[in-house]
1. Quick check: with the 1.4 Å probe, what order do 109, 37 take by accessible area, largest first?
2. Please report, as a whole percent, how much of the solvent-accessible surface of segment 42-90 comes from carbon and sulfur atoms (probe radius 1.4 Å).
3. On a C-alpha basis, how far is the centre of segment 35-59 from the centre of segment 104-127 in Å? Whole number, if you could?
4. Sorted by packing (mean other beta-carbon atoms within 10 Å per residue), highest first, where do 119-127, 91-99 land?
5. Evaluate the charge dipole of segment 56-116 about its Cα centre and quote only its size in Debye, nearest 20, assuming +1 on the Cβ of each Lys and Arg and -1 on the Cβ of each Asp and Glu.
6. Provide the per residue accessible area, probe 1.4 Å, for segment 17-113, rounded to a whole number of square angstrom.
7. Which ³J(HN,Hα) values, rounded to whole Hz and listed in residue order, are derived for segment 41-51 from phi using the Karplus coefficients 6.51, -1.76 and 1.60 in 6.51 cos²θ - 1.76 cosθ + 1.60 with θ = phi - 60°, glycine and proline given as x?
8. Taking amide hydrogens as modeled 1.01 Å from N in the peptide plane, which residues meet the under 5 Å criterion relative to residue 33, leaving out close sequence neighbours?
Amino acid sequence: MDLVCKKVSEHAQNMAEPEVDPDPVIMCKHCNFSVTKPGFQILVSQKFSHAFANPHGHVFEIGCFSRADGCVGASIPSDEFTWFPGYVWTVGQCQSCSTQLGWIFSSAKALNPERFLGLILDQLIFP
């Protein structure tokens, strides 16, 4: 095969192979900002996802993550109505659009994990 045919063949092969993101991200449903990665999913109380109701009766299904750089704290820590005994929570919001994405839980009692995020699953776009 001559050089021109070989390059055309290689180009056609590369075009046929879909590009796969080597490091997929989970994004904010409202602004497409990168929030976290699937590799940061963790189990808390032996489960990734949990369903809880707040004091107003609103039910949330959250997923637990060890890290979410696109989610920032937006309130002072509180232990009122905590869903995870031994943890205080802060509201977590999207760093880009300020939509509430969930809660940041932290413990001063050396619980494992010391800190995690409970992100509202229907506020996220998974890869």
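The values are calculated or read from the model by the stated rules, or taken from the named source; none is laboratory data. Values in this document were obtained by computation on a predicted structure and should not be read as measured data. Counting neighbours? That spans all protein chains shown, and the Cβs are built from the backbone with ideal geometry, glycine included. Note: accessible area is taken over every heavy atom of the protein model, side chains too, but ligands, DNA and RNA are not part of it. Shrake-Rupley method; radii C 1.70, N 1.55, O 1.52, S 1.80 Å.
1. Values: 109 145, 37 65 Å².
Ranked list, largest accessible area first: 109, 37.
2. Values: 1690 of 2950 Å².
Solvent-exposed carbon and sulfur of segment 42-90 make up 57 percent of the total.
3. The distance from the Cα centre of segment 35-59 to that of segment 104-127 comes to 7 Å.
4. Numbers: 119-127: 15.9, 91-99: 17.6.
Highest mean packing first, the order is 91-99, 119-127.
5. Numbers: 3 positive and 5 negative charges, 24 e Å.
Charge dipole of segment 56-116: 120 debye, to the nearest 20.
6. On the way: 5860 Å² over 97 residues.
Accessible surface, normalised per residue, equals 60 Å².
7. 5, 9, 9, 10, 6, 6, 9, 7, 10, 9, 10
8. 28
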